[in-house]
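Since every read-out is calculated from the coordinates, none of them should be taken as a lab result. As the structure is a prediction and not an experimental result, all values here were calculated from the model. All Cβ positions, glycine included, derive from the backbone under ideal geometry; neighbour counts span all protein chains shown.
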Amino acid sequence: MEKVTLADLIEAKRQGRKVVAVSCYDYTTAGYIAQTGVDMILVGDSAAQLILGHDTTLPATMDFMVAITAAVRRGAPNVCLVADMPFLSFHTGVFDAVKNAGRFASECNAQMIKIEATRAYLDIIKAVSDAGMAVMAHIGIRPQSIGKIGRFKAEASTTEMAFELVSLAEQMVKGGASALLLEGVCAEVAQIITERADVPVIGIGSGPACDGQILIAHDILGLTAGPVPKFAKSYANLANASIAAFTEYARQVKAGEYPDDKHCYRMKPGEVERLRKMLI
Ligand code: KIV
C-alpha cells in the first residue's frame with residue numbers, strides 16, 4: 001500500500017470519499033489498524049488519560065508523545081500520521097512551537113501536526129505551517145482548556161456561537177491550517193464549516209457531514225473503562241474479553257494447569273539425567 005498523504009485527503013474531499021481516522025497510541029494496535037483501510041492515525045494526547053491514567057490530557061509531555069508517536073509510525077508506516085502537540089508544547093511561543101512540531105516531523109516521521117487552537121494561537125499555526133509542516137487545527141471542544149472551561153458541552157449550539165466557530169475555522173485555514181479537526185461541534189455547524197472549507201475537515205462528535213471521522217481506538221474496541229462521550233461507538237467489547245482472559249489465566253496458574261507441556265522448553269534427551277548425576 002502507498003503511503004497516504006495530505007494530497008490524498010484533499011482528493012478524497014474533492015471526490016466526496018470519507019476519510020477514516022483513529023486515535024491510537026502504540027505499535028501493536030497501529031499495526032492492526034494499518035491492515036484495515038483506515039487512512040489516518042492521530043497519536044492523541046488523550047494517551048495521558050487512556051495510557052497513563054490521568055484525568056485530563058494535560059500531563060502528556062513532549063518526550064512521551066514523541067516516544068509513542070514514533071512507535072505508532074513503526075507499526076503503521078503507510079497511514080497518514082498526525083502528531084498531537086501536548087499542553088505547553090506551543091503555548092510558550094513560536095520558537096517552542098516550531099521546535100516541538102519539528103521533533104514530530106524529524107523523529108517520528110509525522111505528516112501533520114495537530115494543534116488545539118484559538119484565535120490567540122494563529123501566529124503559532126502560521127509559524128509551524130511556514131516551517132513546512134502541515135497543521136491540523138483542532139477547534140470546538142479543546143480538552144487542553146479543561147482548567148478554564150470546567151466541563152465540556154456541545155460547541156456552537158447558538159447562532160452567535162456558531163458564527164464565531166465558522167469564522168474561527170476560516171481564520172485557521174487562512175492562517176495556514178491544512179486540515180481542521182472539529183470536536184463536539186453541533187452537526188449543522190460542522191456541515192457548514194465542511195462545505196465552506198477547502199481543506200479536509202475531520203470530525204469527532206460533530207455529525208456525519210464532515211469529510212472524515214475519528215474515534216479513539218480504545219472506544220472502538222470497547223476497552224475504555226468508565227463513561228464514554230455520547231458520540232463514542234464501540235465495535236467490539238474487548239474489555240469483557242480481556243477480563244475473561246486474565247481471569248482464566250489466573251485460574252489456570254493457581255490450579256497448576258499452566259504452563260503445560262506444550263508451553264515448556266525441554267532439555268535434549270538424556271541431558272537432565274547427566275545433570276542430576278553431576279549435582280550429586
Ligand atoms: O487526543 C485525542 O485523541 C484527540 C482526539 C479525540 C481527536 O484529540
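Can you tally the net charge around Gly37? Count Lys and Arg as +1, Asp and Glu as -1, for every other residue whose Cβ sits under 15 Å from the Cβ of Gly37. Mind showing how you got there, number by number?
On the way: positive: Lys3, Arg17, Lys18; negative: Glu2, Asp8, Asp39.
Overall, the nearby charge balance is 0.
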Quick one: P(r) of the chain from all Cα-Cα pairs, 10 Å bins, percents rounded to integers, in order of increasing distance.
-> 6, 26, 32, 16, 7, 6, 4, 2, 0
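Taking trypsin sites (Lys or Arg not before Pro) that fall in a DSSP loop and have at most 10 other Cβ atoms within 10 Å as cut points, what is the longest piece of the chain between them?
Values: sites that count: Arg151, Lys153, Lys230, Arg266.
The longest uninterrupted stretch comes out as 1-150.
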Exposure proxy order (Cβ contacts within 10 Å, fewest to most) of Ile280, Ile10, Ile124 | Ile280, Ile10, Ile124
Would you list Tyr27, Tyr249 from fewest to most Cβ contacts within 10 Å?
-> Tyr249, Tyr27
Calculated [θ] (222 nm, deg cm²/dmol) that DSSP helices of n ≥ 4 give over the chain, each run adding -39,500 (n - 2.57) | -12500 deg cm²/dmol
Leading residue at positive end of dipole, region 6-236 (Cβ point charges), from Thr29, Gly16, Gln191 | Thr29
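Can you sort Glu155, Glu164, Glu271, Glu2 so the residue with the fewest Cβ neighbours within 10 Å comes first?
With the fewest neighbours first, Glu155, Glu164, Glu271, Glu2 line up as Glu2, Glu271, Glu164, Glu155.
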Between Arg266 and Tyr27, Cβ-based FRET efficiency (R0 25 Å, step 0.05) works out to 0.20
Does region 34-113 come out rounded, prolate or oblate, given a ≥ b ≥ c as the square roots of the eigenvalues of its C-alpha gyration tensor, rounded meaning a/c under 1.5 and, failing that, prolate meaning a/b above b/c?
-> oblate
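How big is the dipole moment of region 53-160 about its Cα centre under a simple scheme where the beta carbon of each Lys and Arg is +1, that of each Asp and Glu is -1, and everything else is neutral? Debye, nearest 20, please.
Numbers: 11 positive and 10 negative charges, 22 e Å.
So the magnitude is around 100 debye.
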